[in-house]
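Q: One structure is given below, represented as structure tokens, and several questions about it will come after.
Every number in this text was worked out from the coordinates using simple rules, so none of it is lab data. Predicted model, so just to flag it, every value in this text is computed and none were measured. Glycine gets a Cβ as well: all are built from the backbone with ideal geometry, and neighbour counts include every protein chain shown.
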Amino acid sequence: MADGVVERLLAEHAPGALVDDAVKRLLRRCALRTLSEVHAINACHERGEYQLSPCADPALDIPLGPVPNFPSPTPSVQAPEVSARPEKPVKLLSEAYADYERFMMSGLAEGGRWRNQTQRQNAMTIRLFTELVGDRPIHTYKKGDAKSFKAALQLLPAMHGRSPQWRMSTSEAVERVKALMAAGQALPNCLSVKTIKRHMSALSGLYAWLDENADEYGFEGDNPVQGHTYGKSKTKRGMWDSSDLQELFATPIWTGCDPSRRAKPGAAIIFSAYYWFPLIATYHGLRQEEIAQLRAVDIQQEDGVWIMNIHDERDNKVKNEAAERHVPIHKKLIDLGFLEYVAAFRAKSDDHLWPTLKRSGPDGKYAHYYTQRFTSYCRQTKMYDPTRPFHAMRASFRTFLEETEAKSAHISKLIGHSLNGTLRREVVSHWVV
């Protein structure tokens, strides 16, 4: 019995301890003495003697000997506690987008920093999506949500939020258009296919970024915005054909105007941005902001050919890398005195060719104010066509060149890529506008 007690106590209180035989014998004696004491106490209790102490028995007072020093037990090796990996907090779509926007505006993205216009457009997409579908955790959206969003955009008036008639919430505007459809009434112009594609692309870009950062955001699965079809746009941007341009250049800015009101006929021809912008766009196919950024130093001569240097140096900005190019100046502009106009700015500390234009608008563009003035001028001279904005002159330029013997590759380089001297001269020789 004593052996069993000793083994059990060692296993419970000193697991792994190395105990020699002498120590075990002493432990057995202690166990026997303890058992004897327990039996003695129980016997006293059976006789009703509860005041007696077992130590009164002389046999129990015999000393057992020195108390042995037990070796320290070998510490048991326990596996370290592994705390559960803390789960990333699930973010709402609006919260995830805020992180995405900060990243894209930081300039760390491979495609470069977002411009202000891109930022505004993407923020508008998220606002529309959360209003129409709801602001939920990012992993809860399915393809059906994206499909519902696209269907709502197709019914959203183009003038929503801008016209007094459509100043209401997005969902209210969509429901009103549905009611008009049900009643068989005339419908407003709704968002174009191009605009809808832009919204869907912005949303898809967010989910592509979340997928790239899955470790942080925990998003797994297919992009819910991919795989949608859109059809063809019903509205097309018009162009300025030859008769339109002849009519435009027969208006007061180019034939003589009142200095205080340029849409009114008069005797003054004022050489300024209002005079040169349409001419440069028509004969060179430059984008509006590319024209607006021109400085005297950008008008250069290479191999005997005068060119406009379109670049992103200093504070200039271009649409993309392909937009950096040298564009030969058409003989028509030289005959009209463009080089003399430029020469007047070369000695100035600020050689910007359009001193009345300042960076303005949400994107800080030089052309912001001019765009408004050109539209106003077209209205006053009965030249306005909503499908034919200033930018349509660029499309007209390409169309005119395609009708000549100019090679398509040369045209593409002229409107978007740098040209070597030989190609520039070849294109210039075929220019017919």
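Q: For the range 122-140 and the range 181-205, what is the separation of their Cα centres, given in Å?
A: Comparing the Cα centres of the range 122-140 and the range 181-205, I get a distance of 16 Å.
Q: To continue, here is another question. Can you list residues from other chains, or at least 5 along the same chain, whose modelled amide H is less than 5 Å from the amide H of residue 306?
A: Answer set, sorted by chain and number: 329.
Q: Let me ask something else about it. If you take the Cα atoms of the range 242-429, find Rg, then find the Kirkwood Rh from the mean of 1/r over all pairs, what is Rg/Rh?
A: 0.94
Q: Could you check the spin-label model distance between residue 143 and residue 121? Points 7 Å from the Cα along Cα→Cβ, value in nm.
A: 2.6
Q: Right, next: Taking H placed 1.01 Å from N in the peptide plane, check which residues at least 5 places from residue 190 or on another chain put their amide H under 5 Å from its amide H.
A: Excluding prolines and chain starts, which carry no amide H, the hits are 158.
Q: Based on the alpha-carbon gyration tensor of the range 254-332 and its eigenvalue square roots a ≥ b ≥ c, which shape applies: rounded if a/c is under 1.5, prolate if not and a/b is larger than b/c, or oblate?
A: prolate
Q: Taking Cα centroids, how far is the range 257-299 from the range 300-327 in Å?
A: Between the Cα centres of the range 257-299 and the range 300-327 lies a distance of 19 Å.
Q: By count of other Cβ within 10 Å, fewest leading, how are 103, 374, 149 ordered?
A: Fewest-to-most ranking of 103, 374, 149: 103, 374, 149.
Q: Enumerate the calculated ³J(HN,Hα) couplings along the range 213-223 in order (Karplus 6.51 cos²θ - 1.76 cosθ + 1.60, θ = phi - 60°), each rounded to whole Hz, writing x wherever the residue is Gly or Pro.
A: 10, 4, 4, 8, 9, x, 7, 9, x, 6, 5
Q: Under 5 Å between amide hydrogens, which residues at least 5 positions from residue 269 or on another chain qualify, with H placed 1.01 Å from N in the peptide plane?
A: Distant-sequence amide H within range of residue 269: 257.
Q: Which one, 225, 116, 191, projects farthest toward the positive side of the charge dipole computed for the range 98-229 from Cβ point charges (K/R +1, D/E -1)?
A: Comparing the listed Cα positions along the dipole, 191 ranks first.
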